[in-house]
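In what follows, a structure is listed as structure tokens, so that the remarks can point back to it.
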């Protein structure tokens, strides 16, 4: 599916952004508790999307995408918290938040489509 490969590449790029952001925060602000949470959830999105291509059937595939979606919501939370507490500025926050939102919308749409097709 074309949408899946776009989602895979978008989520991998997003993971790289998260890794770089967390590295920068740790180096510049010496903050690690929130950044470790963000690193875990932000990179888990792409990992689960990637893993979904090896799913054992439709239910497993949907499950991986639903886990990714939960990780997106958690990632949005950590990003918001880091922004609101001044660890990241608006210039850094907005594009990453927008990318996360784009992945969220793609996941929701893909999950909905697959569920409808599998009925």
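A few notes on this one:
- Ranking of 45, 62, 20 by count of other Cβ atoms within 10 Å, fewest first: 20, 62, 45
- Look at 87, 77 and count the other Cβ atoms within 10 Å of each Cβ; fewest to most, that gives 77, 87.
- Centroid-to-centroid, using Cα positions, segment 19-60 and segment 72-119 are 12 Å apart.
- Based on Cα contacts under 8 Å between residues 6+ apart, segment 24-119 shows a relative contact order of 29 percent.
- Based on Cα atoms of the chain, Rg over Rh with Rh as the Kirkwood radius reads 1.02.
- In the chain, the calculated helix contribution to ellipticity at 222 nm averages -31000 deg cm²/dmol per residue, counting -39,500 (n - 2.57) for every DSSP H run with n ≥ 4.
- 0 to 90° range, to nearest 10: angle between helix 58-84 axis and the chain longest Cα axis: 20 degrees
None of the figures in this text is laboratory data; all of them are computed from the coordinates on show. Just so you know, these numbers come straight off a predicted model, no measurement behind them. With ideal geometry, Cβ positions are generated from the backbone for all residues, glycine too; neighbour counts draw on all protein chains shown.
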